[in-house]
Amino acid sequence: MAEFSRRSGRRILESIDTRKANKQEVFDFYQRQRKQLKSKGGQVGKALKLGDVKKSDIVQELEKLEQIQIKVRAEQKAEKTKYYTEKYEETKKEMQGSGIWGGVAKYKQFEKTLKAAAARGDIDLKTFIGGAFKDIGKKKTKEEKEKAKRKKQQAEPEQPKRKNYEESSRSPLRKPSRSFRGRLAHDLVSKWVDDALIDTDYFDDSDSIWAAMETIEENPTDFNLFEQNYAGEERKGSQAYYEEFQYFLDIKPKFEAALLEAGEEIPPYPSVEYWNKLQAWRRSNQNSL
């Protein structure tokens, strides 16, 4: 072997072609390589002395250091993988103990940390946690996006038809402010299912799930009032159910403005009185809403 590189993670710090370099240059490179590997725990052996060796002897030693560098890097990567796996388990517990959106924020921070670790070469996203995070480190091409879209459309089950509910119309869920991928996102959705907040069979796609959960997290008082008093026919935990909630949020300011314009007092909020009066107002204004 004639060419050698000194590395730090994925970054090549310097390279040398020993066929073109003189003895002093090769020896200087050897010293820097040896010092770096020794600082990382590599078993580099006794140091050579320039006056006691030939250039070919230094090259032979560099070949040994090359193998030590590979071994040291593999050990470091194994340690990093263990560290981030433990971090994953810790983050997962923290997510489950947080509010809905708080859990998502923790997930996003962990994802960002993983991206940085992968960029440094500390972990391999293709194998980390079974490859569950492999997609966060790459951008899909236009063709890949179109292919994924077609595949999703073909796989989506036919959505159950909605029953008529005379008191309201449904509002489309607002788009989520972020997109989510990876194993932790899957775990968080599983938690929402376990908590009976969502029924994944009744959502168009994952974006709709995130939009619904974000809306709940941002409007907890409103959701408690809605959940306790909603008497429509939409399945609890379905996309349609959260579209009803979104509609409730959308018309609240219109309802209160109408009361003020009519000189009427707005009922205490949140209260059953407020809910009932809002429903009565909705029924009397169906055609204009």
(request) Filter region 89-105 down to the residues that are modelled with pLDDT of 80 or more and surrounded by 13 or more Cβ atoms within 10 Å (Cβ to Cβ), then identify the one that is farthest from Gln76 (Cα to Cα). (result) Glu94
(request) Evaluate the following for Tyr83: is it within 25 Å of His186 (Cα to Cα) and either buried (at least 17 other Cβ atoms within 10 Å of the Cβ) or modelled with pLDDT of 90 or more (or both)? (result) yes
(request) Would you kindly identify the helices (runs of 4 or more DSSP H) lying entirely within region 186-289 that contain at least 3 residues that are of a type in the set (Val, Ile, Thr)? (result) 206-218
(message) Being within 15 Å of Phe245 (Cα to Cα) and touching a residue at least 40 places away in the same chain (Cβ under 8 Å) is the filter here; which residues of region 203-219 pass it?
(response) Trp210, Met213, Glu214, Thr215, Ile216, Glu217, Glu218
(request) Scan region 212-249 for residues that are buried (at least 20 other Cβ atoms within 10 Å of the Cβ) and under 19 Å from Ala105 (Cα atoms) and jot them down. (result) Ala212, Met213, Thr215, Ile216
(request) Go through region 1-34 residue by residue and tally those that are in a helix (DSSP H, G or I) and either buried (at least 17 other Cβ atoms within 10 Å of the Cβ) or aromatic (Phe, Trp, Tyr) (or both). (result) 6
(message) Among the residues in region 176-185, are any among the polar types (S, T, N, Q), at pLDDT below 90 and either open to solvent by less than 40 Å² (accessible area, probe 1.4 Å) or outside any helix (DSSP H, G or I) (or both)?
(response) yes
(request) Scan region 250-271 residue by residue and report those that are among the aromatic types (Phe, Trp, Tyr) and surrounded by fewer than 15 Cβ atoms within 10 Å (Cβ to Cβ). (result) Tyr269
(request) Please verify whether region 248-257 includes one or more residues that are within 23 Å of Gln96 (Cβ to Cβ) and touching an Asp or Glu at 6+ places or on another chain (Cβ under 9 Å). (result) no
(message) Can you pull out every residue in region 272-284 that is out of contact with any helix residue (DSSP H, G or I) (no Cβ under 8 Å at 6 or more places or on another chain) and open to solvent by less than 50 Å² (accessible area, probe 1.4 Å)?
(response) Gln279, Ala280
(request) Residue by residue through region 106-135, note down the ones that are part of a helix (DSSP H, G or I), open to solvent by less than 20 Å² (accessible area, probe 1.4 Å) and closer than 28 Å to Ile209 by Cα. (result) Tyr107, Phe110, Glu111, Leu114, Phe128, Gly131
(request) Residue by residue through region 35-88, note down the ones that are of a type in the set (Lys, Arg) and outside any helix (DSSP H, G or I). (result) Lys40, Lys46, Lys49, Lys54
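The values are calculated or read from the model by the stated rules, or taken from the named source; none is laboratory data. Only a predicted model underlies this, so the values are computations on that prediction, with no experimental measurement involved. Virtual Cβ from ideal backbone geometry, glycine too; neighbours counted across all protein chains shown. Protein only, heavy atoms only, side chains kept; ligands, DNA and RNA dropped before computing areas. Shrake-Rupley method; radii C 1.70, N 1.55, O 1.52, S 1.80 Å.
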